[in-house]
Amino acid sequence: MAATHEVTIADRGWRRRERRATAGLLAGPLLWLLLFFVLPFYVVLSVAFGTLDPIFLTAEPVFNPAMWDVTTLRGVLSNMLTSGSIEQETLLRTLAYVGVATAACLVIGYPVAYFIARHARRTKAFFLIAFIAPFWISYMMRMLAWVNLLQDDGLVNDTLETVGLGGLAVDWLDGRGFVVVLGLVYGYVPYMILPLYAGLDRLPAHALEAARDLGAGRLETFRRVTLPLSLPAIAASVLLTCLPMLGDYFTVDLLSGSPRTAMVGNLINNSVLTPGQTGQAGAFVLLVLVVSLVPMLLYIRSVRSDGLAS
């Protein structure tokens, strides 16, 4: 009995030390989230539900939730639900652009990631560096490269004229949705490729070998084994790609600059730069957050379902 009691005390002490070690490990990440996510988000809420200086037309955040004013948010929501309003058209346009661009990134990125993970072998490092390299260059510089290509006297129009298709030469930068989507795909496709590669590279080799041993060909193995096992990686890649697109405004400013192609990010940027509309910008940010929660919740649900199934 005494030995059992001593074991119990030692076990309790070990569990107590384990809890302390876990708390110590979690303290850093929790502090990071508090300082760089929770507090900034609370400031956004304070601005969105705050007041406006009547003289200087600057936002005055209200940090007491009991004194928050939802008038601005209610007005933005009303405009979003009003058929034909600028806010509603911009939101629908943003969802369309992001949806098409994300689908294009997936169509481009999956074969590339599959090739690197399954067939590149010794050249994996080379391909990964090639896809990471664009992140070393300013996003503005990369978009300006497209401006040089697509302007009236740019390489695209010059090439069309050289091959006898001068009639197809147009002003590509005069507010075309296709060009905006092209810029989004070019700017964000690395976000799609890298997580897909990570997921495909970790696929269990024994599952693929078992499929081949059972007589499945390459296409059948891909359809019934590789693709289902890579669905979590696809969901993560789509999430990481579409979320930053929802707040993008720089691509439209450089490749279009027309209200016909404006996205929600442009509404936020214009509201911030317009005196007296900072609260409206905060309300737009909250709406983007709500829209962003949908793919995040779907991803969490898919991951949880996959974990329960396994």
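The values are calculated or read from the model by the stated rules, or taken from the named source; none is laboratory data. Remember, predicted model here, so these are calculated numbers, not experimental data. No Cβ is skipped: glycine too gets one built from the backbone with ideal geometry, and neighbour counts run over all protein chains shown.
If we keep just the residues of segment 96-136 that are out of contact with any helix residue (DSSP H, G or I) (no Cβ under 9 Å at 6 or more places or on another chain) and of a type in the set (K, R), which is nearest to Y197 (Cα to Cα)?
Looking at the filtered set, the residue picked out is R121.
Examine segment 263-279 for a residue that is surrounded by fewer than 17 Cβ atoms within 10 Å (Cβ to Cβ), at pLDDT below 85, in a loop (DSSP other than H, G, I, E, B) and hydroxyl-bearing (S, T, Y), and state whether such a residue exists.
yes
Across segment 57-73, which residue is nearest to V272 (Cα to Cα) among those that are among the hydrophobic types (A, V, I, L, M, F, W, C) and assigned to a loop (DSSP other than H, G, I, E, B)?
Result: L57.
How many of the residues in segment 57-76 are within 19 Å of L287 (Cβ to Cβ) and surrounded by 14 or more Cβ atoms within 10 Å (Cβ to Cβ)?
Total satisfying the criteria: 8.
How about segment 34-56: which of its residues are closer than 12 Å to G282 by Cβ and assigned to a helix (DSSP H, G or I)?
Those that are closer than 12 Å to G282 by Cβ and assigned to a helix (DSSP H, G or I): P40, F41, Y42, V43, V44, L45, S46, V47, A48.
Give me the pairs, please: first residue somewhere in segment 227-249 and among the hydroxyl-bearing types (S, T, Y), second residue anywhere and surrounded by fewer than 18 Cβ atoms within 10 Å (Cβ to Cβ), beta-carbon distance under 7 Å, and either six or more positions apart or on two chains.
So the pair list comes out as S230/L203.
Taking P228 as the residue in question, decide whether it is under 26 Å from L106 (Cβ atoms), surrounded by 14 or more Cβ atoms within 10 Å (Cβ to Cβ) and within 30 Å of the chain's Cα centre (by Cα).
In short, no.
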